[in-house]
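Derivation of every value follows stated rules applied to the coordinates shown; laboratory data play no part. Quick caveat: nothing in here was measured; it's all calculated off a predicted structure. Methodologically, a virtual Cβ is constructed for each residue, glycine included, from the backbone with ideal geometry; neighbour enumeration extends over all protein chains shown.
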Amino acid sequence: MLTIRTEQTSDYAKVYQVITEAFKTTEYSDGNEADLVEKLRKSSAFIPQLSLVALVDNRIVGHILFTKAYVGKTTVLALAPLSVLPQYQNQGIGQALIGEGHKIAQKLGYKYVVVLGHAQYYPKVGYISASKYGINPPFKISDENFMAICFDKTICQLNGTIKYDDAFNIC
C-alpha cells in the first residue's frame, strides 16, 4: 500500500539513497540531485511541508521536493527533483507524489509550479510549456522540457525569467 507523507529529518539518509539510485541510470542527470536536496534543505527556499516521501510497506521508495523560486516579484515553486526507486517506477508513485505536492502547494497559497523535465511525463499531470505563462528559463533549454502549471486559471500570465535558489548553482 502506498503512503505519502512529509519528509522527516530521520528520513534524510534514506532519501539521499533513493535519489541517488533513482538518477543513477537517468539520461539527463548530472549525478548531483541528492546533494542538491541537501543544499536546498538548508536554504531559505526550503518549505518543509513540500518535501514529501512515498512509502510502500513502510519503506521509502520515492521523494519529491518543491522549493521557492521567483519570476519577478511573484513567488513560484520549482519542482526538483522527483525521485522513485527504479524497481518502483511506472507504478504511479511519481504522479501520486506530484498530486499530493500540488494539493499542499495550493493550500499554502502557491499558484505556479515550474519544472525542467521529461516532455512526455509532466504533461500527464497538467504541465505545459512555461512560455505559455510568460515564464522564461535562465538558460537555453527546449521549450518542451521547461514546463509549468498554474492552479488559478484567472491569473496565469507572468512575464519574466525564473530565478532559482543559489543551491541550484545557475548563474
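Observations on the structure shown:
- For the chain, built as a Gaussian network whose Cα springs stay under 10 Å, the top-fluctuating residue of His118, His102, His63: His118
- Of the trypsin sites (Lys or Arg not before Pro) found in the range 110-169, the ones in coil according to DSSP and having at most 11 other Cβ atoms within 10 Å of their Cβ are Lys140, Lys153.
- Largest GNM mean-square fluctuation across Asp11, Asp35, Asp57, computed for the chain with C-alpha springs under 10 Å, falls on Asp57.
- Counting only alpha carbon atoms, the long axis of helix 93-107 and the longest principal axis of the chain meet at about 50°.
- Between the Cα long axis of helix 12-23 and the first principal axis of the chain there is an angle of about 70°, rounded to the nearest 10.
- Percentage, to the nearest whole number, of Cα pairs in the range 57-157 over 22 Å apart: 28
- Efficiency of FRET between Ser43 and Gln106 - r from beta-carbon atoms, R0 25 angstrom, step 0.05: 0.65
- The Kirkwood radius of the chain, taken over pairs of alpha-carbon atoms, gives through the Stokes-Einstein law at 20 °C and 1.002 mPa s a diffusion coefficient of 133 µm² s⁻¹.
- With helices as the sole contributors, the chain gives -6500 deg cm²/dmol at 222 nm; each DSSP H run of n ≥ 4 counts as -39500 (n - 2.57), and the sum is divided by every residue.
- Residue among Ile141, Ile60, Ile149 with the largest mean-square fluctuation in a Gaussian network model of the chain, springs linking Cα atoms under 10 Å: Ile141
- Cut-off 15 Å between beta-carbons: net charge of the residues surrounding Leu50, Lys and Arg +1, Asp and Glu -1: +2
- Relative contact order (%) - the chain, alpha-carbon pairs under 8 angstrom, separation at least six: 21
- For the pair Ser129 and Asp143, label points projected 7 Å from Cα toward Cβ lie 0.2 nm apart.
- For the range 131-162, the set of chymotrypsin sites (Phe, Trp or Tyr not before Pro) satisfying both a DSSP loop assignment and a count of at most 14 other C-beta atoms within 10 Å is given as Phe139.
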